[in-house]
């Protein structure tokens, strides 16, 4: 029985390691490390295979033959192993000599392995199979083997210290544990050569080599060992089922054969019947169990990416404000993916640098990268993500790159590309769970970064559009001021004329002797009367200039504040009220005392009111008319009505009045942007505008704004 | 005594004219819009009318035309805004204005001169 167990574990190990070697090679045949790993694993595979074969060898001749071939791989193992691990630790250049010596030594051993000086075989009844009988050189091979393993353990431990707390350290840990487990069992095989048969080293020790394959498999899935991330679910289930069928068949059949043959004296092939039955009944439940187990064990901490994409798209990518988008992206990712840090750098065309647009947790908050910096160059050339622990030291200039990652406090840097152009860099830090970024993470985040690029470009276009709109609004305003000139002239020049007149009068009176014989008191009174008038009139002129310059100044970035509409209406009437009264337009104002206060940009609201009131005045066609400005509260919203009894808008034109460049005015009199801008501005301030009109009867504009309290509640 | 009627919605302007011309031997009358102005013209028959062009209610040109219909001998001096100066000036002169002044009046002395000339013209 021991013999069979020993052979079976070796057989499964051979198949599993072959699979592993092939898989790793397939996933990265161009990578030196992967190739070395495959060679080493293949050696383990062939070693195991010939171990199985030598156990079942029927004659000494065959046993010796299998044993010698087995030992070719056993001899090569230390050198191949050291070679791989030094490549894995990227120390192969420095330890080139050691590697060469080991290969030469192995070569010599291989030559000797075909002589009795190295080994012969002898049948051991207590084991039930042919066992290697060590020659005089054999111990040297074991010493080299053990020394190499110990040397590598030391190297691995040193690297573990060096790469503490990184993804790499986790890969190293897995690898370290896997090889300790694997080799401890592997080495136990040598004990039987010296007639030791200590449980559990014999026969269980050999199974630890298989355990090694399992640990490496987990390392690949969880920590991208050998840079491989696979959807392993099916493979794991398949491997489990295969092991079950193979194991059941071998164990049950062999046991059954002995039982039926020796105890019952039946035909030994009857033994296959229970095997078939077991396999038939147990296969399906086992498949379910294995599927659940792999799912639970290997994938339990996977993120629900559909949720991530959905939340991110809904919450972040719909933001059209270029100032807010980066902040929301960063905070969104931090929250959804539970990251320690995240930063977004955006390309600044004017300065030709990638500038920090938003960050949480970066060590240098105002870091920027030039076009020719390593990070930018690599991202541009590869259009692929850089994982700090995985790819950084494979890239030229890794020192600079490592430094950049450190400053950004990043684990993963993703390009944010738009039409082959790198418009930004998304840098993500460690996950709070301490888990590593998997290939699946990187794939999803790469897609996300692309979507982010579209969002940024949308926000930029929107920003440019609003800038163009702002410019158009300014032009419109200047055009309006031109038409205002008459009114302004009246409001400024009249007070100045009066000031001048009083001063001139005083001087002329003096010259004409009109003040002759006046007492000092009388003169003081005359002078102070004049002074008071001067002060009053200059104040009047100053007031109007202030209003005008306040209106003409381009609006800066929106500043929201509480606005009392009636006050703003008065402000506007101060500018154009005289013009209207001269044109015999009567203005009525009717705002209730408890009219809702709204939150908006004061300047923009003034512009809106100004535009609509002026339009109303112009609609009178120089005829006397009336404008009624009224307000009321409706469901908490502030509703403002501006009604005129002017010429009205024909029904077929009313649909167009909010369109840009639509004007009914004579060329040069209006830009056709007034109402277009009014609508944009109203909507920007969370309001709405509606118009009702009847040709020959008049027009009513209705503005509706949520009140300040409502707006605050919504936010 | 020579009567000057000022028709202007700008009270300060009528006050200024009053305080300048009264001590110089004129009787200054004031109206703040056209209708009142016309009523005063009917009653007082002033020699000189200073009329602001832009006023609520009847505009200056209309008021002048009506004054000249009532009292063709009245010398009307129009006060116009500087905007569209040439055009409105010609328009006023065609309607029968004696002369036009831009607002604001730059010199009271010049206005006084003009009034004197108008009066002398009337005597001829």
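The values are calculated or read from the model by the stated rules, or taken from the named source; none is laboratory data. As the structure is a computational prediction, the values presented were derived from the model and not from experiment. So basically every Cβ, Gly included, is an ideal-geometry build from the backbone, and we count neighbours across all protein chains shown.
Does residue B:50 satisfy being within 14 Å of chain A (Cβ to nearest Cβ) and in contact with a strand residue (DSSP E or B) (Cβ under 7 Å, 6 or more places away or on another chain)? Answer is yes for this residue. Taking the listed residues A:39, A:33, the one that is surrounded by fewer than 18 Cβ atoms within 10 Å (Cβ to Cβ) and within 21 Å of residue A:87 (Cβ to Cβ) is A:39, with no other qualifying. Across segment A:575-595, the qualifying residues are those that are away from chain B (no Cβ under 11 Å) and loosely packed, with under 14 Cβ neighbours inside 10 Å, and the one among them that is nearest to the chain's Cα centre (by Cα) is A:594.
Looking at A:66, A:84, A:62 in this structure, which one is part of a helix (DSSP H, G or I), farther than 19 Å from residue A:189 by Cα and touching a strand residue (DSSP E or B) at 6+ places or on another chain (Cβ under 9 Å)?
That would be A:62, the only listed residue that is part of a helix (DSSP H, G or I), farther than 19 Å from residue A:189 by Cα and touching a strand residue (DSSP E or B) at 6+ places or on another chain (Cβ under 9 Å).
On inspection, residue A:75 qualifies as surrounded by 20 or more Cβ atoms within 10 Å (Cβ to Cβ) and in a helix (DSSP H, G or I). Please indicate, with yes or no, whether at least one residue in segment A:188-203 is more than 23 Å from residue A:123 (Cβ to Cβ) and modelled with pLDDT under 70. So far as segment A:188-203 goes, yes, one or more of its residues are more than 23 Å from residue A:123 (Cβ to Cβ) and modelled with pLDDT under 70.
For segment B:19-42, give me each residue that is part of a helix (DSSP H, G or I), within 14 Å of chain A (Cβ to nearest Cβ) and within 13 Å of the chain's Cα centre (by Cα). Give the steps one after another, and end with the answer.
Residues of segment B:19-42 that are part of a helix (DSSP H, G or I), as a first pass: B:19-24, B:34-42.
Still in the running and within 14 Å of chain A (Cβ to nearest Cβ): B:19-24, B:34-35.
Within segment B:19-42, B:34 is the sole residue that qualifies.
Residue B:77 passes every criterion in (1) within 11 Å of chain A (Cβ to nearest Cβ); (2) assigned to a strand (DSSP E or B); (3) more than 23 Å from residue A:623 (Cα to Cα) apart from (1).
Check whether at least one residue in segment A:426-444 is surrounded by 14 or more Cβ atoms within 10 Å (Cβ to Cβ), under 18 Å from residue A:345 (Cβ atoms) and without any contact (Cβ under 8 Å) to a residue 60 or more places away in the chain, and report yes or no. Please lay out each step first, then the result.
Here is the first cut: in segment A:426-444, the ones surrounded by 14 or more Cβ atoms within 10 Å (Cβ to Cβ) are A:426-431, A:435-442, A:444.
Of the ones still in play, those that are also under 18 Å from residue A:345 (Cβ atoms) are A:426-429.
Narrowing the set further to residues that are without any contact (Cβ under 8 Å) to a residue 60 or more places away in the chain leaves none.
There is no residue in segment A:426-444 that is surrounded by 14 or more Cβ atoms within 10 Å (Cβ to Cβ), under 18 Å from residue A:345 (Cβ atoms) and without any contact (Cβ under 8 Å) to a residue 60 or more places away in the chain.
Number of residues in segment A:317-367 that are over 18 Å from residue A:429 (Cβ atoms) and not in a helix (DSSP H, G or I): the value is 17. Tell me, please, whether a residue that is within 60 Å of the chain's Cα centre (by Cα), within 20 Å of residue A:40 (Cα to Cα), touching a residue at least 40 places away in the same chain (Cβ under 8 Å) and crowded, with 21+ Cβ neighbours inside 10 Å can be found in segment A:124-138. Scanning segment A:124-138 turns up no residue that is within 60 Å of the chain's Cα centre (by Cα), within 20 Å of residue A:40 (Cα to Cα), touching a residue at least 40 places away in the same chain (Cβ under 8 Å) and crowded, with 21+ Cβ neighbours inside 10 Å.
Let's see how each residue does on (1) under 25 Å from residue A:581 (Cβ atoms); (2) in contact with a strand residue (DSSP E or B) (Cβ under 6 Å, 6 or more places away or on another chain):
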position: B:9; (1), (2): yes, no
position: B:12; (1), (2): yes, no
position: B:33; (1), (2): yes, no
position: B:41; (1), (2): yes, no
position: B:45; (1), (2): no, no
position: B:54; (1), (2): yes, no
position: B:58; (1), (2): yes, no
position: B:73; (1), (2): no, no
position: B:78; (1), (2): yes, yes
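Residue B:74 satisfies every condition listed in (1) on the phi < 0 side of the Ramachandran plot; (2) out of contact with any helix residue (DSSP H, G or I) (no Cβ under 9 Å at 6 or more places or on another chain) except (2). Within segment B:58-73, identify whether any single residue is under 17 Å from residue B:13 (Cα atoms), at pLDDT 90 or above and more than 14 Å from chain A (Cβ to nearest Cβ), and answer yes or no. For segment B:58-73, residues under 17 Å from residue B:13 (Cα atoms), at pLDDT 90 or above and more than 14 Å from chain A (Cβ to nearest Cβ): absent.
Name the single residue, out of those in segment B:95-110 being part of a helix (DSSP H, G or I) and either touching a helix residue (DSSP H, G or I) at 6+ places or on another chain (Cβ under 8 Å) or away from chain A (no Cβ under 14 Å) (or both), that is farthest from residue B:64 (Cα to Cα). Break it down into steps so the answer makes sense when it comes.
At the first step, the residues of segment B:95-110 found to be part of a helix (DSSP H, G or I) are B:95, B:108-110.
If we keep only those that are either touching a helix residue (DSSP H, G or I) at 6+ places or on another chain (Cβ under 8 Å) or away from chain A (no Cβ under 14 Å) (or both) too, we end up with B:95, B:108-109.
Values: B:95: 8, B:108: 22, B:109: 23 Å.
Ranking the candidates gives B:109 first.
Among the residues examined, residue A:622 qualifies as assigned to a loop (DSSP other than H, G, I, E, B) and more than 51 Å from the chain's Cα centre (by Cα).
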